[in-house]
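Single-structure report; data block below.
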Amino acid sequence: MAELLPVEPFDIVVFGATGDLALRKLVPALFHRWCDGQIPEESRIIAASRDALDRAAYRELAATHVLAEDASENRRQRWAEFAERLVYLSVDATGDGEGWNELSEALDPDENKIRLFYLALPPSIYGQVCDAIGRHGLNSKNARIILEKPIGKDFHSARLINDRVGKVFPENSIFRIDHYLGKETVQNLLILRFANFLFEPMWNAAGIDHVQITVAESLGAGQRASYYDRSGALRDMVQNHLLQLVCLVAMEAPNSLDADSVRTEKLKVLKALRAVTSETVSQDVVRGQYKAGAVGGEPAKGYVDEVGHESGTETFVAIRAHIDNWRWAGVPFYLRTGKRMSDRRSEIIVQFKQVPHDVVGSASGVPQPNRLVIRLQPDEGVKLMLMTKDPGPGGLRLRYVPLNLSYAEHFEGGYPDAYERLLMAVVRGNLSLFMRRDEVEASWRWIDQIIQAWDHGPSKLYGYQAGTDGPTQSDFLLAREDREWFDAVTR
């Protein structure tokens, strides 16, 4: 296992500290980094929320999440050590109520100490919170703000948020987080592409037939139903997660891996995405909403039953996208994401072109195209699907097999998860794993075109049973061009 180097001492304020994100992800992430020795003892974690709790009550609440899977004596002891650095304050994050004087007093007065503000809050109040931080003089020279996705609900709202946050924090102190960019395999995608000469000569329209990107969830809207019903799959997943994956697959080689070089190349991809119009939306985009069914052998309600009212919100979307530039002309990128699908998985399939001539003959088996399968979750790894001869006598028979790199099998020890890695990157000031303002706004420009096309053109919402991989109409996106979704799980 690689050595985990400590970061500089820091203070972090987590607004929305009693929410699901803070309790399930952020506090455990910080605790794990503490256990691995990355967080110095001088650091402090300040949990802030409107809830009227004292320090002991919040520690007990947080402990139920941190110790849920492992309540061993050793882990409890480490938690007790960590909790000494955990403070709770009742604060009105918008700055209209009390608590800000106490927050100011809780922060280290040293202007040189790194100070982080994590907004685990609705994006609609990001501007108000930043105004309050500035008004109370808490934006010290080493202060950094962390914004959760989505930044806004469209281009206009995203620009307003960026403008307002930018009045308090300079761009190089704003960390727009997308936890997919913290996944090991996502980061490895750049190394796979640009540190191996094997792929680059055919990583273009001459060598690649198409690309598939799937982010599937088996869960339904659940406790996020009220938020999700105002968002839908397009805003919630495509605008950030899927488009970021498209950028990493399609971008040109940056001059280096510094933040601006990488993000500038990603921006070029976003600007080259072909517009979806009211004339093309029915051919290039499929919307769906799950109905009652079964997931993992258990009955699952339909979306309407979960949210408690009729709804036109899409819980599934599939898109045929095109990148109009020299490298990718004519290569479709098929994107799909949805809830209540057959299983939870995130993967990228790069399908190379078929061999130009079959030298073995159909009696030996039909050659399959080479595919590079990059699995982001649940088991991270990379497979290269190849044709080979089936061993043994009795003639020549073909078999389609993977060259398999499983992270769990090839790398010993545990590794920080996405939030752990990203939080430490913020402390180090490494912006390369975070979205720049112009990236966010370019993503929204493309998404807004699809939403407007739905509003002004034919836009049917297809039903699909929970436990399936979306409406059958999503298969037609590929079938019209004699392609199909590749099931990497069964290969």
- Give the percent of DSSP beta bridges with both residues in the chain that are antiparallel, rounded to the nearest 5. 55
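About the Cα centre of the range 1-96, how large is the charge dipole given +1 on each Lys and Arg Cβ and -1 on each Asp and Glu Cβ? Please answer in debye to the nearest 20. Each step should come with its number before you reach the end.
Numbers: 11 positive and 17 negative charges, 35 e Å.
Using only the charged Cβ atoms, the result is roughly 160 debye.
If N is the number of residues in the range 420-491, what value comes out of its Cα radius of gyration divided by 2.2 N^0.38 Å?
1.70
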- For the range 111-200, alpha-carbon Rg over 2.2 N^0.38 Å: 1.36
- Task: Please state, to two decimals, what the Cα-based radius of gyration of the chain comes to when divided by 2.2 N^0.38 Å (N = residues).
- Result: 1.03
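Counting other C-beta atoms within 10 Å, and keeping those with at most 16, which DSSP coil GluC sites (Glu not before Pro) do you find in the range 248-320? All intermediate terms of the calculation are to be shown ahead of the outcome.
Numbers: sites: Glu252, Glu265, Glu279, Glu306, Glu310, Glu314; in loops: Glu252, Glu279, Glu310, Glu314.
When the GluC sites (Glu not before Pro) of the range 248-320 are filtered for loop state and at most 16 Cβ neighbours within 10 Å, Glu252, Glu279, Glu310 remain.
Percent of Cα-Cα pairs more than 20 Å apart in the range 204-310, please.
57
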- Two-decimal log10 I(q)/I(0) for the range 69-144, as the Debye equation yields it once each C-alpha is a single scatterer, q = 0.17, 0.19, 0.24, 0.27 Å⁻¹: -0.77, -0.87, -1.14, -1.33
- Note on the structure: Among Leu405, His309, Leu138, the residue whose Cα sits farthest towards the positive end of the charge dipole of the chain, when +1 is placed on the Cβ of each Lys and Arg and -1 on the Cβ of each Asp and Glu, is Leu405
- Item | Cα-centre dipole for the range 286-407 with unit charges at Cβ (Lys and Arg positive, Asp and Glu negative), debye to 20 | 320
- If you roll a 1.4 Å probe over the chain with all protein chains in place, what percent of the accessible area is carbon or sulfur? 50
- Note on the structure: Farthest towards the positive end of the dipole of the chain, among Ile125, Ile39, Gln354 and with Cβ unit charges of +1 on Lys and Arg and -1 on Asp and Glu, lies the Cα of Gln354
- Message: Quick check for me: using +1 on Lys/Arg Cβ and -1 on Asp/Glu Cβ, what's the dipole size of the chain about its Cα centre, in debye to the nearest 20?
- Response: 1120
- Please go through the range 270-360 and write out the chymotrypsin sites (Phe, Trp or Tyr not before Pro) that DSSP classes as loop and that have at most 13 other C-beta atoms within 10 Å. Trp326
- Rounded to 0.05, the calculated FRET efficiency for the beta carbons of Glu81 and Arg428 at R₀ = 41 Å is 0.95
- Item | Dipole-positive endmost among Val246, Ser157, Asn112 within the chain (Cβ charges, Cα centre) | Val246
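The values are calculated or read from the model by the stated rules, or taken from the named source; none is laboratory data. Owing to the predicted nature of the structure, the values given are computational and were not obtained by experimental measurement. Every residue, glycine among them, receives a Cβ derived from its backbone with ideal geometry; neighbour counts consider all protein chains shown. Side chains included, ligands, DNA and RNA excluded: accessible areas come from the protein's heavy atoms. Shrake-Rupley method; radii C 1.70, N 1.55, O 1.52, S 1.80 Å.
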